[in-house]
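Notes follow once the structure below has been shown.
The values are calculated or read from the model by the stated rules, or taken from the named source; none is laboratory data. As the structure is a computational prediction, the values presented were derived from the model and not from experiment. Don't worry about glycine lacking a Cβ; one is built from the backbone with ideal geometry, like all the others, and counts go over all protein chains shown.
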Amino acid sequence: MTPTPVLELKNISKRFGGLQALKNVTFDLYPGETHALVGENGAGKSTLMRILSGVYSDYEGEYILDGEPTLLRSPADAQARGIGMIHQELSVLPELSVAENVFLGRQPLTPWGSIDWSKMYRIADEELGHLGFEINVKRPLEDYSLGIQQVVEVLRVILSGARVLIMDEPTSALSPAEVERLIELISTLRQQQRSIIYISHFLEEVMRVADRITVLRDGQKVDTLKQEDTSVDHLISLILGREVNATLPSATEHEDKQTLLEVRDLCSDAFNHIDLVVGAGEVLGLYGAVGAGHFDVARALFGMYRVDGGVIILDGHEFPQRFSASYAIKRGVAYATESRRKSLMLEEANYRNITLPHLGRIARIVPNRKREVDIAEPAMQMVNVQPPDPHNAVGKLSGGNQQKVAIARWITFPPKLFVVSEPTRGMDVGAKNEVLGILRNFRNDGFGVLVVSSEPETVLAVADRIIIMSRGQIVSELENQGNLDKDALMRLL
């Protein structure tokens, strides 16, 4: 007799204005099952999970929970019905003890209304033991690895009453040993009849943990398969919508060019033994799945991420072990982060955003508004910001034009090396082509460009060479001479 699904989604559709994010998607989950959800960035995975976890309630279709139609109006509503979300960015408080994090916001109380510390420590210790972990629950959580912190978050969700756990890229920042422990934890949860929705870019992991796998592409369900009926290559074919090339390209030696940037054995808590070279007049792509460490490498080159060792040499000048972003700017490094909202002052005018990193050069004491505008206008014209009004607030621009402003700020005082993370994320095709054209112009003018992305299309479209990172390490380096495609990059993750 087939068991009743814990939850079912039937013909779910969701629009954001003119964008069809999901179209007639069906999905179900059974007791004690791990059901993986895979697809490219933008395939609709996040939208579907937000519907499942109560973030979105305005959608078409039917949500059935425990055999009954339901409408979850908030994450708190979902939690009350036994659905817990474990986000990629953990919500623990590391300075508090393990036990305090397990019971965060709902500590057991004595009859007098004070926290029952002995009960809290005892239950936390017992429940972690049931999951196969023996740790000192009185110690600060920050004393433990990221993997243990994730286990604590899982336990907190379970003790809140969750029967269904949604795990979003749970291994993206974990070491190989921590990944193995998480896989063991998932096995334990299944034995306890917990149901898990597992979202990951790491298809080898998906094949290890999942009972069934659903593939999304362009907002639609492509197929749902049993784990034993598919393979990594088959999944990649379904994700991309075409057969994959069974032969991986071989790694190639870097063609001799005038070296602009040289990085040797760069190490931190997020990446290890990073060696790379960017030539003058070259675009180097740095590609990896979420959590591969490539974005942290970009921040390290700009003095925004602490490294434990290694050498950075730009145009013959070796950087000190510790340096700031202002030092990097003075030496010729520019950096556009993957988050436009964090790098730009959305309420401020275009000209102020463009001149912000250079105010010390423009006016050492009092900012000169007219000079700032005179400097910003030509830069805006060069990247074709629309509308071209320097006084317009950046927040009123489209995503593509906001990215152009983030790039324009480096044109007036051109850098030697331009590091740009996710330069085309969230843009339409026209805006993407414009931004990629700007980066090619940087290269053609003899500058070095490092493009960091988790979108294979981006690095394939603009990079001369591509370095692939996985779990904090470089796994391959390939020449991009027209013979590479997305499946070749994805299979190397």
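Against the definition (assigned by TED's automatic domain parsing to the domain that holds Tyr144 and within 25 Å of the chain's Cα centre (by Cα)), how does Arg181 come out, yes or no?
yes
For residues that are among the charged types (D, E, K, R), out of contact with any strand residue (DSSP E or B) (no Cβ under 8 Å at 6 or more places or on another chain) and not in a helix (DSSP H, G or I), tally how many sit in the stretch 165-203. Lay out the reasoning, then the answer.
Within the stretch 165-203, the subset among the charged types (D, E, K, R) is 168-169, 178, 180-181, 184, 190, 194.
Going one step further and asking which of them are out of contact with any strand residue (DSSP E or B) (no Cβ under 8 Å at 6 or more places or on another chain), we end up with 178, 180-181, 184.
Add one more test, that the residue is not in a helix (DSSP H, G or I), and what stays is none.
Selection size over the stretch 165-203: 0.
For residues that are over 20 Å from Ala43 (Cα atoms), touching a Ser or Thr at 6+ places or on another chain (Cβ under 8 Å) and charged (D, E, K, R), tally how many sit in the stretch 450-464.
Qualifying residue count for the region: 0.
Any idea which of Ala363, Ala334, Ala431, Ala328 is within 25 Å of the chain's Cα centre (by Cα) and either modelled with pLDDT under 85 or among the hydroxyl-bearing types (Ser, Thr, Tyr) (or both)?
Result: Ala431 is the single residue among Ala363, Ala334, Ala431, Ala328 that is within 25 Å of the chain's Cα centre (by Cα) and either modelled with pLDDT under 85 or among the hydroxyl-bearing types (Ser, Thr, Tyr) (or both).
Got a number for residues in the stretch 454-471 being over 19 Å from Val277 (Cβ atoms) and modelled with pLDDT of 90 or more?
Qualifying residue count for the region: 1.
Quick test of your reading of the structure: Leu492 fulfils all but one of (1) more than 21 Å from Leu235 (Cβ to Cβ); (2) within 19 Å of the chain's Cα centre (by Cα); (3) not in a helix (DSSP H, G or I). Name the failing condition by number.
(1)
Which numbered condition in (1) modelled with pLDDT of 85 or more; (2) closer than 17 Å to Leu29 by Cβ; (3) buried (at least 19 other Cβ atoms within 10 Å of the Cβ) is the only one that Ala124 fails?
Going through the list (1) modelled with pLDDT of 85 or more; (2) closer than 17 Å to Leu29 by Cβ; (3) buried (at least 19 other Cβ atoms within 10 Å of the Cβ), Ala124 breaks only (2).
What residue, of Leu128, Leu93, Leu104, is in a loop (DSSP other than H, G, I, E, B), of a type in the set (A, V, I, L, M) and closer than 23 Å to Leu189 by Cβ?
On inspection, the qualifying residue turns out to be Leu104.
Among the candidates Val206, Val137, which residue alone is part of a loop (DSSP other than H, G, I, E, B) and either without any contact (Cβ under 8 Å) to a residue 60 or more places away in the chain or surrounded by 21 or more Cβ atoms within 10 Å (Cβ to Cβ) (or both)?
Matching residue, one of Val206, Val137: Val137.
Being of a type outside the set (D, E, K, R) and either outside the structural domain of His87 (by TED's automatic domain parsing) or exposed (fewer than 15 other Cβ atoms within 10 Å of the Cβ) (or both) is the requirement here; does Gly113 meet it? Full working, then the answer.
Details: of a type outside the set (D, E, K, R): yes; either outside the structural domain of His87 (by TED's automatic domain parsing) or exposed (fewer than 15 other Cβ atoms within 10 Å of the Cβ) (or both): yes.
Judged against the criteria, Gly113 is a match.
For Ala43, only one of the following conditions fails: (1) in contact (Cβ under 8 Å) with a residue 60 or more places away in the chain; (2) not assigned by TED's automatic domain parsing to the domain that holds Arg217. What is its number?
Ala43 satisfies all of (1) in contact (Cβ under 8 Å) with a residue 60 or more places away in the chain; (2) not assigned by TED's automatic domain parsing to the domain that holds Arg217 except (2).
Could you look through the stretch 163-209, keep only residues that are in contact with a Ser or Thr (Cβ under 7 Å, 6 or more places away or on another chain) and of a type in the set (A, V, I, L, M), and pick out the one that is modelled with the lowest pLDDT?
Here the residue is Val179.
Of the residues that make up the stretch 62-82, is at least one of a type in the set (Val, Ile, Thr), within 30 Å of Glu457 (Cβ to Cβ) and part of a strand (DSSP E or B)? So that I can check it myself, show each step before the final result.
Here is the first cut: in the stretch 62-82, the ones of a type in the set (Val, Ile, Thr) are 64, 70.
If we keep only those that are within 30 Å of Glu457 (Cβ to Cβ) as well, we get none.
No, the stretch 62-82 contains no residue that is of a type in the set (Val, Ile, Thr), within 30 Å of Glu457 (Cβ to Cβ) and part of a strand (DSSP E or B).
Mind checking which pairs have a first residue in the stretch 98-109 that is touching a residue at least 12 places away in the same chain (Cβ under 8 Å) and a second that is in a loop (DSSP other than H, G, I, E, B) and of a type outside the set (D, E, K, R), Cβ under 7 Å, 6 or more apart or different chains?
Listed by first residue and then by second, the contacts come to Val98/Ile135; Val98/Val137; Ala99/Val137; Asn101/Val92; Asn101/Leu93; Leu104/Leu93.
Scan the stretch 110-134 for residues that are among the β-branched types (Val, Ile, Thr) and in contact (Cβ under 8 Å) with a residue 12 or more places away in the chain and report the count.
Here the count works out to 1.
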